[in-house]
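Structure, as structure tokens:
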Amino acid sequence: MAIRLTIYKKGSDIPKLPELTLEHSTKLFHVYEQTHGYSPYLIVAFDSERPIAKLLAVVRKSTRLFPPSIIKRCEIYRCGDYFDTNFDKEEIFGEMLEYITREVIQQAFLIEVRNIEQPLFGYKHFKKNHYFPISWLRVYNSLHSLPPKDRLSPVRKRQINKAIQRGVTTQLVKTEEELEAFLKLLKKAYRSKISKHFPDFNFFRLLMLQNHQEETAQAFIVKYKDKIIGGSFCIYSGNNTYLWFSSSIKNTYSRLYPGVMAVWCALTDAYEKGYNHFEFMDAGLPFKNFNYRNFIISFGGKQVSTRRWFRFRWKWLNKLVCWFYK
């Protein structure tokens, strides 16, 4: 039986659907919908009137100081949620990918599909729709076999112990004032990273407001003498925790290791709450030396190869890059 695809652009039109992961959830759609510069699209595959799969994509606008000053790009995290094992996931994904590509390609300069758990998933469908792959890396910590402290490198153990001895504390964000101060620290750090996008503050607030039903997002802060010197922001999907943002005041407080403590508090919190894995959202390209990746691996993480798939709106540019990466 042929499946039917429906695309939703308004949260009020979305019917009640199974929620398997945060990345393709209706509540994340609503967060995007209420965040400045974001336009979400939810594609749902139906067998008759029964939903069997869904895929959430978001077109976001980035404003930069150099030409082109405004760039729109579409991002898709993972390859969708699937509710019926009687249907071929890859075939359904192929139809949803073709649909969303036609829908957003005239609006977004670039489409990116990232955080793919199975590197070969959907390969022929990406190629069919003129996407090109770039090798990427994932770094994640297993939390179900050993406690995080048993996976730490000796250097990290010493740094964490020294920070605690010198009076550094960590905690969940508890007040609006703490959240505001933490987000300002994050924004200042990410402002200098050309390749990184930092959302509007309201995006973080809206995500944390979803916690009344189940844990969706948390902000952690690192403090020294009542001053916030670092922090991290995590989202929760299924049995996994994802570190999305982290930063610290490195120069002034380098001997207190605020960057280390920002990761450590989020990692131990995930372990204590019983999550299976803790993943760092952006481990980067597979270059031989990459400081951030070396940093996060020192917490005991595993490095796994994967792909990200891209498609440019300009046909000549996309054809050129596809040829280069064939």
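The table below gives the values:
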| quantity | calculated |
| --- | --- |
| Strands (runs of 3 or more DSSP E) fully within the range 190-269 counting 2 or more residues that are over 15 Å from GLU180 (Cβ atoms), open to solvent by less than 40 Å² (accessible area, probe 1.4 Å) and among the β-branched types (Val, Ile, Thr) | 227-237 |
| Candidate set: the range 270-287, residues that are in contact with a helix residue (DSSP H, G or I) (Cβ under 7 Å, 6 or more places away or on another chain) and at pLDDT 90 or above; chosen: the one surrounded by the fewest Cβ atoms within 10 Å (Cβ to Cβ) | TYR271 |
| Cβ-Cβ under 8 Å pairs, at least 6 apart or on other chains, the range 209-235 side farther than 17 Å from ALA189 by Cα, far side open to solvent by 40 Å² or more (accessible area, probe 1.4 Å) and among the charged types (D, E, K, R) | GLU215/LYS273; TYR224/ARG166 |
| Odd one out for ALA181 among (1) among the small types (Gly, Ala, Ser); (2) over 20 Å from the mean Cα position of the chain (by Cα); (3) modelled with pLDDT under 90 | (3) |
| In the range 96-107, the residues that are open to solvent by 50 Å² or more (accessible area, probe 1.4 Å) and under 14 Å from HIS130 (Cα atoms) | GLU98, TYR99, ARG102 |
| Test result for LEU143, closer than 30 Å to GLU19 by Cα, among the hydrophobic types (A, V, I, L, M, F, W, C) and touching a helix residue (DSSP H, G or I) at 6+ places or on another chain (Cβ under 6 Å) | yes |
| Members of the range 291-308 that are closer than 15 Å to LYS157 by Cα and either in a helix (DSSP H, G or I) or of a type in the set (Gly, Ala, Ser) (or both) | PHE295, ILE296, ILE297, SER298, GLY300, GLY301 |
| Any hit, the range 120-127, residues being surrounded by 20 or more Cβ atoms within 10 Å (Cβ to Cβ), aromatic (Phe, Trp, Tyr), under 24 Å from the mean Cα position of the chain (by Cα) and under 21 Å from LYS27 (Cα atoms) | no |
| Any hit, the range 151-167, residues being open to solvent by 40 Å² or more (accessible area, probe 1.4 Å) and under 21 Å from the mean Cα position of the chain (by Cα) | no |
| Some residue of the range 21-39 being over 20 Å from ASN202 (Cα atoms) and under 15 Å from the mean Cα position of the chain (by Cα) | yes |
| Selection count, the range 168-182, where residues are free of Cβ contacts under 8 Å to residues at least 24 places away in the same chain and among the polar types (S, T, N, Q) | 1 |
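The values are calculated or read from the model by the stated rules, or taken from the named source; none is laboratory data. It should be emphasised that the depicted structure is a prediction, and the values quoted were computed from it without experimental measurement. Quick reminder, even Gly has a Cβ in these numbers, built from the backbone with ideal geometry, and neighbours come from all protein chains shown. Note: areas computed on protein heavy atoms with side chains; ligands, DNA, RNA excluded. Shrake-Rupley method; radii C 1.70, N 1.55, O 1.52, S 1.80 Å.
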